[in-house]
Amino acid sequence: MKAEVDKDACISCGVCMGIASDVFVMDDDGKSEALDTVTDENKDSVQEAIDSCPTNAIAWEE
Ligand code: SF4
C-alpha cells in the first residue's frame, strides 16, 4: 500500500504531516510527499490524513 500526493493540489498546510509524520514529509518545494512507509500499524492514520486533507490531494495509489 502506498499513498500518493497530487502536488498541484497540495497547499502545504501540513495537516497530513501532523497526522502521519512517519509517512508524509515536506519536499524541497514545501509540498507534502508520501514515503513508501505505509504499514498495517500506520495505515489508519494515513486514511485519516486522506480524509483530513482540505484539498483532497492525497489518495491511495492503485
Ligand atoms: Fe498538502 Fe493535503 Fe497534506 Fe495539506 S493535508 S500538506 S494540502 S497533502
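Every number in this text was worked out from the coordinates using simple rules, so none of it is lab data. These numbers were taken from a predicted model, which means no experiment stands behind them.
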Just to confirm the number: angle between the C-alpha axis of helix 43-52 and the first principal axis of the chain, 0 to 90 degrees, nearest 10?
30 degrees
Only helical DSSP H runs with n ≥ 4 go in: add -39500 (n - 2.57) per run for the chain, normalise by residue count and round the 222 nm mean residue ellipticity to 500 deg cm²/dmol.
-6500 deg cm²/dmol
Over the chain, consider all pairs of different Cα atoms and compute the Kirkwood hydrodynamic radius from their mean reciprocal separation; express it in Å, one decimal.
11.1 Å
